[in-house]
Amino acid sequence: MVEIARNVDPDNRALYEGIPAADHRLEALRQLLVGGEISELSRVTHLLDEPEQLAAAVGNVLPDATARASYAQLGEALAPAVERAAQRSIQKNPHTLTDILYPVFLPAIRKSIGEKIDQTFQSLNESLRHIFTWHGLKWRFEAWRTGTSFSEVVLNHSLVYRVEHVFLISRSSGLLIAHVTAENATSEDPQLISSMLSAIQDFVKDSFNEKENSGLDTIRFGELRLWSEVGPFATLVAVIRGNPPEELHEVIRDVLLRIHDESSQALERFDGDTSQLPGVETQLQTCVELQHADSKEGFPWLVVTAALLVLIAAGVWFFLSWQSGQRWQAYLSRLETQPGIVVSEQKMRGGQFYIAGLRDPLATDPQSLLSGTEVDPARVHSNWQFYQSLEPEFVLKRLTAALTPPDSVRLSVVDGRIIAAGEATTAWISRARAAAQQLSAGGPVFDISGVRDVSPEERWQAYVSRLETQPGIIVAQQNVRDGQFYITGLRDPLAADPQSLLSGTEVEPARVHASWQFYQSLEPEFVLKRLTASLYPLDTVRLSIVNDRIVAEGEAPDTWIDRARAAARQLSVGGPEFDISKVRDVSPDARAAEHWQYYVSRLEAQPGIIVAQQTARGGHFYISGLRDPLAADPQALLSGTEVDPARVHSQWQFYQSLDPKFVVKRLTASLSPPKSVRLSIVQGRIVVVGEAPAGWISRAQAAAEQLSADGVVLDVSQLRELNLAELNHLREAIQTTDIFFSSGRVVPGPEQTPVLDRLADQLKEFAENARKAGVTARFMLTGHSDTTGRETANASISAARAETVRALLNKRGVAPELLLVRGAGTFEPAVPENENSRTGNSTNRRVSVTVNLE
Amino acid sequence: MLQKKICMLGGFAVGKTSLVRRFVQSIFSENYLTTVGVKIDKKSVAFPDKTVDLILWDLAGEDDIGSFRVSYVRGATGLVLVVDGTRPATLAVALTLRERVEAEFGAMPFVLLFNKSDLADRWAISDGEIDELRQRGWQIYLTSALSGEHVDDAFRQLASMVAN
Ligand SMILES: Nc1nc2c(ncn2[C@@H]2O[C@H](COP(=O)(O)OP(=O)(O)O)[C@@H](O)[C@H]2O)c(=O)[nH]1
Ligand SMILES: [Mg+2]
């Protein structure tokens, strides 16, 4: 124990140095047992010595310093170097910076520090735990035997795992970029697995509202674990069998980083073609090769922690300034692509942005371009000078404003030249020519050779032909005299104003002398307009022109229809036809009449109802006719027709409809056919099919005869007499059964129980079959006695026996209403009484059964 | 290896799952559809100069267009829009789904399948309507997952469209 204490703490070593080794054999044992440990541990201690001092110093100051340093101070200290580095890096390739910074971002850092600490403690604990255990001794022996270090043996035994598959999956599409497999490992289609994994990750993300970057870290199925590491463009998933050490995360992350480093653009643009990403598999292969964990040397985790803390501070600052620089750059490039804006100078200092340059007054306002860029406008200091841009589109705008070209001239930019084409007056052309000359110095060419000079007469003629195509305008006469234009004609007040048509034609209005007479054009569209104005058509009426006719469609009250009809008559001479036949009259009376007609037609369609007469008078409706009592009630049919029942006056006579449907109803009511019979209507004849007792059949035949007088066919030829053969057999069995009694008793002895049981079953079966055949079976239970004793006593005994049997049968499930009882006393003996017998004949003490069919 | 992600889109019970089942032998259980909301299958389509692996994503439950997970379509190169030829309303559903996808990820090639062509007596889409859609240059097929009619043609067509 002293030895161990010495080895664990160097102070103890000094403390116990003086104690001599009592026994050299103990020394030998010590060498054998913990010799490796001693050298191992002293080496670790030594290593930790100096870093500890360093780390302590840094660790004491750093958190405090970082916390207290103001943004500006920290920024100033780091600014020049970081800024230059960032700028150069961004100019070279912005992705590099993103990828370098990506593992440094906060969550990753926190995680990796945690893992580091865990991992260090884990290996320490692991070693300490095994020193004294049975395994410890065994492994110590193994280490001695194989000549490896004890900790390596511990690791080999406690951390056994194998990376079987590695998938690299595109984050955007879930498509497989690359896949490598360990020897002998198999799996289903890796492409499918890859897509499914990404779908599951999406699913988890959606379902639990996870943030963008954190996917499913680990999934575990028994022996298998899926570890995934998410990068900007690709996710790496390792399938591991066994117990992987924590540090494997780091290895996987490294591989993913390296892949992003080398091929970030190809990853980003990955479209399913893996040939664009060669060499990735080689990188992945390194993951699969990691089958066994190597024992690691003591890890200087304090140093790493300190270094990481510095990195965090730098990284965060770096990221923020890089981000705002990035936004500023985006704004600049946006400005530079704007026509009419020239940036002559820009810089970024202390978080402020300075910009100077030239802008055309017609160009977009640089200030307004800031919106949407996330650059803080308050930090932007700009100095813009106005200038006239010579870019063709600006020159075009200015020319358009200055020259106000007529409608007939079109200005456009073609290959950097401004081209005017069309027709214009001499005056305009000369103004344009002057402008073109002014422009010449340095500006774009203004080419007006494509503009044709048109004479005032030509323009006049163009105006006149324009008028002539106008509907509702008829030009009667026009001429030109002494530079003056004269025109006369007709115009509809609803047609376009000839005066306003002058604008844009370059004909001088002052020289035009027009004299227009109003007239009413008969062109359909004008007539339509006038009709619309005079008739005020309702929302429910639509007027339209169909093949030069004016057609009104929809619904209107009779007043409107009358007015429309009058208008149509007025129109007739020479004008278009006005067709109002498609407008439905919806005045309340017309509507009520319509509803009434609907009701009548509904009645007429009813079987068993004959409408003899009906009229509508003064808002009231009168109807008379015949109805079968079995037909639908005419009153009930009113509901849903919107006819007011209070205004309906009806007079119905009952009659017996010979419609087969009604005849069937009546027959069903009067003949009450058994269930085994079916009445149906076949081609207007009533056919009766099935089995029935003979009595019923003869009643049906009588009915058929009666009906034939009315011309209705009732076909009973297919009726068959009910077959009671089977029932007869059963009836026989029932009627030969007797229940016997001891002398003077009204309850049968126990030996009668099976007889009663069987009888009950037979009765039930018979009743059921009879019911099916459409007849009712009833059973008469007759009690009997022997001749011993007085006659009155015998009569009551016999009745009591029948009652008892009825109760016993009822108890066995025979319906009581089917069982009738009577006492026959001694009057119906089964066998003649022996006069000499003392006790009377036992055969006569009984209850007998008879079957009645109704 | 050339792979393309393809999404099956269409209303409820138009036959997406059946069409995929017709076109490939699945390895995943259809339970995924109800649990994760998506089932993935693969089919290699060979052309003279190359082979394309179509990774088919069959999404569940788009009946309610609001609940449709657009995020599953991210990274897709092509769409199979499925309409039930016996239910005209499913055409509007398919077109709306396509619009949503295009609004999110931009235009992408697609084929439009009028499925259940075997149910001729209940067919409810007129030839004129289909012709009109063809006029827009769309690739349209009348398919039946039941008989297999034109199913392969449609997928092959889409494969050739996304392969370039
Ligand atoms: N007759 C017929 N039935 C089909 C066809 N395709 C699918 N179905 C049936 O339509 C129903 C819905 O199919 P399913 O594939 O689950 O539709 P999903 O909801 O779009 O995936 C199922 O009952 C299928 O059997 C087809 O082409 N013809
Ligand atoms: Mg489905």
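Condition check for A:Phe578 on (1) open to solvent by less than 60 Å² (accessible area, probe 1.4 Å); (2) closer than 30 Å to A:Val464 by Cα: one failure, at (2). Scanning the range A:625-641 for residues that are open to solvent by 30 Å² or more (accessible area, probe 1.4 Å) and in contact (Cβ under 8 Å) with a residue 24 or more places away in the chain yields A:Leu626, A:Arg627, A:Pro629, A:Leu630, A:Ala632. Pairing each residue of the range B:1-23 that is under 15 Å from B:Thr143 (Cβ atoms) with any residue that is of a type in the set (Ser, Thr, Tyr) and near ligand 1 (Cβ under 6 Å from one of its atoms), provided the two are 6+ apart or on different chains, yields C-beta distances under 9 Å for B:Met8/B:Thr17; B:Gly15/B:Ser144; B:Arg22/B:Ser144. If you filter the range B:7-27 down to residues that are more than 8 Å from ligand 1 (Cβ to nearest atom) and in a loop (DSSP other than H, G, I, E, B), you find that the one that is nearest to B:Val83 (Cα to Cα) is B:Val24.
Name every residue in the range B:120-142 that is part of a loop (DSSP other than H, G, I, E, B) and within 14 Å of ligand 1 (Cβ to nearest atom), in order of residue number.
Within the range B:120-142, B:Trp123, B:Ala124, B:Ile125 qualify.
The listed residues are A:Arg685, A:Arg647, A:Arg699, A:Arg678, and the only one of them that is surrounded by 12 or more Cβ atoms within 10 Å (Cβ to Cβ) and under 55 Å from the mean Cα position of the chain (by Cα) turns out to be A:Arg647.
Give just the number: which of (1) under 24 Å from B:Val52 (Cα atoms); (2) not acidic (Asp, Glu); (3) not in a helix (DSSP H, G or I) does B:Ser117 not satisfy? Tallying (1) under 24 Å from B:Val52 (Cα atoms); (2) not acidic (Asp, Glu); (3) not in a helix (DSSP H, G or I), B:Ser117 fails exactly one: (1).
For the range B:81-101, indicate whether the set of residues that are within 14 Å of another protein chain (Cβ to nearest Cβ), modelled with pLDDT of 90 or more and out of contact with any Gly (no Cβ under 8 Å at 6 or more places or on another chain) is non-empty. So far as the range B:81-101 goes, no, none of its residues is within 14 Å of another protein chain (Cβ to nearest Cβ), modelled with pLDDT of 90 or more and out of contact with any Gly (no Cβ under 8 Å at 6 or more places or on another chain). Checked against (1) farther than 30 Å from A:Ala424 by Cβ; (2) modelled with pLDDT of 80 or more, A:Gly340 passes all but condition (1).
Matching residues to (1) touching a residue at least 60 places away in the same chain (Cβ under 8 Å); (2) closer than 30 Å to A:Glu833 by Cβ; (3) of a type in the set (A, V, I, L, M, F, W, C); (4) open to solvent by 60 Å² or more (accessible area, probe 1.4 Å):
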| site | (1), (2), (3), (4) |
| --- | --- |
| A:Gly690 | no, no, no, no |
| A:Val713 | no, no, yes, yes |
| A:Glu726 | no, no, no, yes |
| A:Thr782 | yes, yes, no, no |
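Of the strands (runs of 3 or more DSSP E) that lie entirely inside the range A:390-501, not one contains 2 or more residues that are over 21 Å from A:Pro339 (Cβ atoms) and in contact with a Pro (Cβ under 7 Å, 6 or more places away or on another chain).
Considering the range B:102-114, the residues that are in a helix (DSSP H, G or I) and more than 14 Å from chain A (Cβ to nearest Cβ) include one that is nearest to ligand 1 (Cβ to nearest atom), namely B:Glu102.
Screening A:Gly340 on (1) over 30 Å from A:Ala402 (Cα atoms); (2) touching a residue at least 40 places away in the same chain (Cβ under 8 Å) shows it passes everything except condition (1). Exactly one residue out of A:Ala767, A:Ala773, A:Ala815, A:Ala802 is of a type outside the set (S, T, N, Q) and under 60 Å from the mean Cα position of the chain (by Cα), and it is A:Ala773.
Quick one: in the range B:143-164, which of the residues that are among the hydrophobic types (A, V, I, L, M, F, W, C) and within 10 Å of ligand 1 (Cβ to nearest atom) is nearest to the chain's Cα centre (by Cα)? For the range B:143-164, the residue satisfying everything is B:Val151. Could you list all residues from the range A:809-831 that are open to solvent by less than 40 Å² (accessible area, probe 1.4 Å) and part of a helix (DSSP H, G or I)? Once the filter is applied, which keeps residues that are open to solvent by less than 40 Å² (accessible area, probe 1.4 Å) and part of a helix (DSSP H, G or I), the range A:809-831 yields A:Leu809, A:Leu818.
Taking the range A:167-226 as the range and being at the interface with chain B (Cβ under 10 Å from one of its Cβ atoms), modelled with pLDDT under 85 and assigned to a loop (DSSP other than H, G, I, E, B) as the test, the residues that pass are A:Glu188, A:Asp189.
Within the range B:78-100, the set of residues being in contact with a helix residue (DSSP H, G or I) (Cβ under 7 Å, 6 or more places away or on another chain) and surrounded by fewer than 23 Cβ atoms within 10 Å (Cβ to Cβ) comprises B:Gly78, B:Thr86, B:Thr96, B:Arg100.
Flag not set for A:Val527, criterion: within 30 Å of A:Val409 (Cβ to Cβ) and not charged (D, E, K, R). Of the residues B:Ala92, B:Ala124, B:Ala60, which is within 16 Å of ligand 2 (Cβ to nearest atom) and on the phi < 0 side of the Ramachandran plot? Answer to the selection: B:Ala60. Residues of the range A:150-159 include none that is open to solvent by 10 Å² or more (accessible area, probe 1.4 Å), of a type outside the set (Gly, Ala, Ser) and modelled with pLDDT of 70 or more. Filtering the range B:1-55 to residues that are at pLDDT below 90, among the aliphatic types (A, V, I, L, M) and open to solvent by 30 Å² or more (accessible area, probe 1.4 Å) leaves B:Met1, B:Ala13, B:Ile27.
The values are calculated or read from the model by the stated rules, or taken from the named source; none is laboratory data. Quick caveat, the model's predicted, so the values are computed rather than measured. Here the Cβ is made from the backbone with ideal geometry for all residues, glycine too, and neighbour counts use every protein chain on show. Protein only, heavy atoms only, side chains kept; ligands, DNA and RNA dropped before computing areas. Shrake-Rupley method; radii C 1.70, N 1.55, O 1.52, S 1.80 Å.
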